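The values are calculated or read from the model by the stated rules, or taken from the named source; none is laboratory data. None of the values given here were measured: they were computed from a predicted structure. Here the Cβ is made from the backbone with ideal geometry for all residues, glycine too, and neighbour counts use every protein chain on show.
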Amino acid sequence: MLLTAEGFGTVEIMHQTQKSKTCVWRWQERFAEEGLTGLLRDKTRPSRVPPLPPEVAARVVALTLTDPPTETTHWTGAMMAEATGISVSSVQRIWRAHGLQPHRVTQFKLSTDPKFIDKLRDVVGLYVDPPAHAIVLSVDEKSQIQALDRTQPGLPLKRGRAGTMTHDYKRHGTTTLFAALNVLDGTVIGRNMQRHRHQEFIRFLNTVEAAVPAGKLIHVVLDNYGAHKHPKVRAWLHRHPRFTFHFVPTSCSWLNAVEGFFAKLSKRRLKRGVFRSVVDLQTAINRFIEETNQMPKPFTWTADPDKIIAAVRRGHQVLDSLH
């Protein structure tokens with residue numbers, strides 16, 4: 001527009017701006033019709049591709065909610081495009097608009113424990129309102145932790161490239177971590193052992209007994225692993241009356257607070273770690289426990305048990321209706 005105001009012709013403006021004749025004429029016309037405001041934004045243009053009719057989207061959604069015609073486990077964009085006669089990008093747009101993700105699946109497990117509600121309220125009650133003059137420990141073992149060494153050294157992280165590590169590895173043995181998370185202050189009592197039988201569990205209970213000050217009652221939250229209910233473990237409990245076991249419902253490991261510590265250990269230390277021996281692995285685990293205890297964070301339970309119970313009931317109702 002400035003060149004036009006200076007009196008230059010269309011050809012000279014095209015030469016100086018490297019734009020086509022149509023482009024020059026279009027902006028001159030917009031300025032003539034709308035003035036300066038016509039130059040502040042581009043006009044929206046209709047899509048070159050006509051929109052799909054609603055019945056096509058309805059058919060894609062209906063097919064997605066059914067099983068594919070072959071033995072394939074789920075619909076793919078290419079399969080749906082072939083079945084409906086539209087493009088893969090159109091299929092993907094319809095899926096996004098309707099919140100459909102046939103390539104994804106989430107896992108679940110409903111507890112069938114007949115005492116599910118009582119156990120749930122018992123454990124959550126310990127988390128939310130622990131007894132006076134007592135500590136609450138969430139106890140479990142992380143078994144078969146492998147000491148893995150990579151076959152070749154990886155490359156470090158740098159701008160434009162993620163860190164690398166080989167997909168294959170060398171095994172140097174395994175260890176089992178017994179851990180007890182104090183839900184009141186977030187500290188962890190841990191001990192590495194070669195196996196996870198009732199014998200090792202009793203030795204870990206002795207470690208906990210020595211670590212907790214005398215006079216404190218100890219409420220232990222743990223899962224239904226067989227070693228936890230072994231007759232010799234029950235005999236040990238009889239000899240140590242300040243211990244009380246609280247078992248979570250079956251298939252409810254998510255209710256055990258120490259699982260969060262195990263997940264953090266795996267993600268921050270084990271998954272990318274390189275260990276050339278079991279001793280190296282156990283040393284790294286012990287250091288992680290020490291670092292956790294230097295800056296502990298109390299465990300805070302936030303889920304409403306009534307909502308959990310209602311969700312489990314809905315899940316059972318859905319399963320019963322399908323079967």
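Condition test on SER143, is it exposed (fewer than 14 other Cβ atoms within 10 Å of the Cβ) and at pLDDT 90 or above? In short, no.
So which helices (runs of 4 or more DSSP H) stay within segment 254-323 end to end and still have 3 or more residues that are closer than 30 Å to PHE116 by Cα and of a type in the set (D, E, K, R)?
Details: elements: 258-265, 278-294, 305-322.
Helices (runs of 4 or more DSSP H) meeting the threshold: 305-322.
Every listed requirement among (1) at pLDDT below 90; (2) part of a loop (DSSP other than H, G, I, E, B); (3) not acidic (Asp, Glu) is met by THR37 save one, (2). Do we have any residue at all in segment 306-316 that's in contact with a helix residue (DSSP H, G or I) (Cβ under 7 Å, 6 or more places away or on another chain) and either surrounded by fewer than 11 Cβ atoms within 10 Å (Cβ to Cβ) or of a type in the set (Phe, Trp, Tyr) (or both)? Checking segment 306-316: not a single residue is in contact with a helix residue (DSSP H, G or I) (Cβ under 7 Å, 6 or more places away or on another chain) and either surrounded by fewer than 11 Cβ atoms within 10 Å (Cβ to Cβ) or of a type in the set (Phe, Trp, Tyr) (or both).
When the residues of segment 207-247 are filtered to those that are more than 18 Å from PRO131 (Cβ to Cβ) and among the hydrophobic types (A, V, I, L, M, F, W, C), the one that is surrounded by the fewest Cβ atoms within 10 Å (Cβ to Cβ) is ALA210.
For segment 53-64, a tally of residues being under 17 Å from ARG104 (Cβ atoms) and loosely packed, with under 10 Cβ neighbours inside 10 Å returns 0.
One residue is enough: does segment 28-43 have a residue meeting the conditions within 17 Å of LEU100 (Cβ to Cβ) and of a type outside the set (Val, Ile, Thr)?
Pass one, segment 28-43, residues within 17 Å of LEU100 (Cβ to Cβ): none.
Within segment 28-43 (the criterion being within 17 Å of LEU100 (Cβ to Cβ) and of a type outside the set (Val, Ile, Thr)), the answer is no, since none of the residues qualifies.
Within the set GLY38, GLY77, GLY85, the sole residue that is among the small types (Gly, Ala, Ser), exposed (fewer than 15 other Cβ atoms within 10 Å of the Cβ) and either free of Cβ contacts under 8 Å to residues at least 60 places away in the same chain or under 30 Å from SER253 (Cβ atoms) (or both) turns out to be GLY85. Does any residue of segment 92-103 turn out to be of a type outside the set (Phe, Trp, Tyr), over 20 Å from SER266 (Cα atoms) and modelled with pLDDT under 90? No, segment 92-103 contains no residue that is of a type outside the set (Phe, Trp, Tyr), over 20 Å from SER266 (Cα atoms) and modelled with pLDDT under 90.
LYS109 versus (1) under 30 Å from LEU255 (Cα atoms); (2) without any contact (Cβ under 8 Å) to a residue 40 or more places away in the chain; (3) not assigned by TED's automatic domain parsing to the domain that holds HIS246: which is the lone unmet condition? Here LYS109 meets the rest and fails (2). Each residue in segment 203-234 was checked for being under 20 Å from MET193 (Cβ atoms) and among the small types (Gly, Ala, Ser), and 4 pass.
Among the conditions (1) exposed (fewer than 11 other Cβ atoms within 10 Å of the Cβ); (2) assigned by TED's automatic domain parsing to the domain that holds VAL258, the only one that GLY125 does not satisfy is (1). Residue pairs whose Cβ atoms lie under 8 Å apart, sitting 6 or more positions apart in sequence or on different chains, and linking a residue in segment 145-162 that is in contact (Cβ under 8 Å) with a residue 24 or more places away in the chain to a partner that is surrounded by 10 or more Cβ atoms within 10 Å (Cβ to Cβ) and of a type in the set (Gly, Ala, Ser), are GLN146/GLY173; ALA147/GLY173; ALA147/SER277; LEU148/GLY273.
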